1. Lys52 fails exactly one of the following numbered conditions: (1) touching an Asp or Glu at 6+ places or on another chain (Cβ under 8 Å); (2) in contact (Cβ under 8 Å) with a residue 24 or more places away in the chain; (3) under 21 Å from His137 (Cα atoms); (4) not β-branched (Val, Ile, Thr). What is the number of that condition?
2. Which residues, counting only those in the stretch 406-459, are out of contact with any Gly (no Cβ under 8 Å at 6 or more places or on another chain), more than 18 Å from Ala497 (Cα to Cα) and of a type in the set (S, T, N, Q)?
3. List pairs: first in the stretch 139-161 and on the phi > 0 side of the Ramachandran plot, second assigned to a loop (DSSP other than H, G, I, E, B), Cβ under 8 Å, 6+ apart or cross-chain?
4. Within the stretch 191-204, is there a residue that is at pLDDT 80 or above and more than 22 Å from Glu338 (Cα to Cα)?
5. Report, by residue number, each residue of the stretch 562-580 that is in a helix (DSSP H, G or I) and free of Cβ contacts under 8 Å to residues at least 24 places away in the same chain.
6. Pick from the stretch 103-143 the residues that are assigned to a strand (DSSP E or B) and within 32 Å of the chain's Cα centre (by Cα): which of them is surrounded by the most Cβ atoms within 10 Å (Cβ to Cβ)?
7. From the list Gly396, Gly428, Gly435, Gly419, which one is touching a residue at least 60 places away in the same chain (Cβ under 8 Å) and either in a helix (DSSP H, G or I) or on the phi > 0 side of the Ramachandran plot (or both)?
Amino acid sequence: MERRLAAILATDVVGYSRLIRADEEGTISALKDLRADLIDPKVAEHHGRIVKLMGDGMLAEFPSVVDAVRTAVETQVAIAEHNADLPEDKRIEFRVGINLGDVVIDGDDIQGDGVNVAARLEGLAQPGGICISGSVHEQVRDRLDLPFEDMGEKEVKNITRPVKVWQWVGNISITSSSADSGGVEPLPLPDKPSIAVLPFDNMSGDPEQEYFADGMTEDIITELSRFENLFVIARNTSFTYKGQRVDVKEIAQELGVRFILEGSVRKAGQRVRITSQLISGQDGGHVWAERYDGAIADVFDLQEQVTSQVVGSIAPQIADAELVRIGRGERLFDEAHERAWRAKGMARSAYRNREPSMLDSAITLAVEAVEMNAGCGVAYHTICLAYVMKSLFRWGDSPSTSADLAEDWAKKFFSQVPGSYMAYNSLGLARFRKGLYQDANRDFQRAHELNPNDASVLNWWAWCEASAGEFENAKIHAKLAIRISPKDPQLGVAYLALAMAAYIEKDATGFEDWASKAIQAQPSAPIRRAMMIAYAAEVGNLSLLETHRAELMRTAPDFIGSVFRGENQLFEKPEHTAMLLDGLRKAGFSE
């Protein structure tokens, strides 16, 4: 018998019988297309030979282990990207196993334990994943910069000795912490192209121009997020890296994205230079880099060029019509946008530090921005959210009218920027605050449909659904917000929604966990402490009760009173409100 040493690659289709039952002709045709368009060319490109096809499976051999692993990884990545636009029931996913071993030559066929081990490894792989033997890992670990996780030794059918198994973790769930990421568990890559945009550096040497670089970054994120076939890390998580020296590969692992965009803005007089580079998060290699120079009045045109380049690099299948959406409407860098960005920053500081006068100043500045530019969406959204917060915190001489003012401004927003997801989000906030929960939920749903990657929409929507008693939906949207923007400083709203659901459902462990996270995220926010006080009274934890009572009396002394008076309605359903009020009465509060 003739023998030789070979790298053996075995694959099969995940859930092939189910796919065939659902659509026999369509599945067979789609599988043939995948093989012809993606799999066969990759095998040939890396000098492999397809030995045989076995229904939904395939066996191939390679003279080089490195070539076999490259083929597997590139093919799995390509298939994942191909599947991104398909419904789940139409996606064809593969498992792959690779072994290096002795094979017996039988004409054009190969047989033996080397082949059997490859087949067993394939059975251990996750959908979209790859498992390799210890002998393969020894050959590639110093030659390929790819992430593999040690799965230990496995007993496999018809093989006398345990097989050392390594799992590729580039596109599947990771089950243990990575030493390379400082103990932080990397997130799995989504099943669509994914990107994080890091805050652009202000190279002007002028602290007053910091908002310019921040606004540049924020608008790029917003424009990228319009594309439904992109997974974009949200603005607030990206900005947690502001001012830090960063390792691109570590950030890509930490956030679970394939690409990182970073850049800088240098402004001098009426000229601006923007540099940007797109980097592969897997190997740190540059995908492209570009520099743009222009007049300050044309800065948004430059921004659109950068955004178009990024999208063109990672999602070439996006139609020209989608690119047109980026440049829809006239965009000028003018005083209105400067005031709007400043107002937004002031408003956030006012919420965080509980400074009513600063919030009033932010509203004034945002109104000035609208007067200068009637289409300035950032300004409208800032005004609407500010009035919602005035209503919630009971700030000002007439807090009861603040929700009405928020709704009025949202309608003005619609009249100037029809179809804006931010306008739908603003209207949802106002209606939510007015107790119009179902109308608000529809507004948030429409905003999410227009921009599925904006975590702030999901945060508010989840809170609204939890207030309305739609707890399952609230959990789904809160957890999606956490996934999209896992380091978002404003995730306290998602945690609040989860805490509200757990409180009404009497999930004590879940409530303590989510409420504690919500309070930690925003210590001065009153609702989460009020619920914690009611919970502590119900379980008899006096120490917990007094801790949160003291803090709430310091930051919002009239909040619980406003709940009893009905000025702050936290739940739509009377029975849920009664449950909270009963807990607060046990804590010593009353009408």
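The values are calculated or read from the model by the stated rules, or taken from the named source; none is laboratory data. Predicted model, so just to flag it, every value in this text is computed and none were measured. Backbone-built Cβ (ideal geometry, glycine too); neighbour counts: all protein chains shown.
1. (3)
2. Ser415, Ser426, Asn451, Asn453
3. none
4. Restricting attention to the stretch 191-204, the residues satisfying the condition of being at pLDDT 80 or above are 195-202.
From what's left, more than 22 Å from Glu338 (Cα to Cα): 195-196.
Among the residues of the stretch 191-204, at least one is at pLDDT 80 or above and more than 22 Å from Glu338 (Cα to Cα), which makes the answer yes.
5. We begin by selecting, within the stretch 562-580, every residue in a helix (DSSP H, G or I); these are 562-564, 574-580.
Across the stretch 562-580, the qualifying residues are Pro574, Glu575, Thr577, Ala578.
6. From the stretch 103-143, those assigned to a strand (DSSP E or B) are 103-106, 109-111, 130-133; that's our starting set.
Adding the requirement that they be within 32 Å of the chain's Cα centre (by Cα) leaves 130-132.
Values: Ile130: 30, Cys131: 28, Ile132: 32.
If we take residues in the stretch 103-143 being assigned to a strand (DSSP E or B) and within 32 Å of the chain's Cα centre (by Cα), then Ile132 is surrounded by the most Cβ atoms within 10 Å (Cβ to Cβ).
7. Values: Gly396 fails: touching a residue at least 60 places away in the same chain (Cβ under 8 Å); Gly428 fails: touching a residue at least 60 places away in the same chain (Cβ under 8 Å); Gly419 fails: touching a residue at least 60 places away in the same chain (Cβ under 8 Å).
Answer to the check: Gly435.
Yes/no matrix, rows are residues, columns are (1) surrounded by fewer than 17 Cβ atoms within 10 Å (Cβ to Cβ); (2) within 30 Å of Gln253 (Cβ to Cβ); (3) not assigned by TED's automatic domain parsing to the domain that holds Ser420:
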| position | (1), (2), (3) |
| --- | --- |
| His477 | no, yes, yes |
| Pro486 | no, yes, yes |
| Asp507 | yes, no, yes |
| Pro526 | no, no, yes |
| Met531 | no, no, yes |
| Leu542 | yes, no, yes |
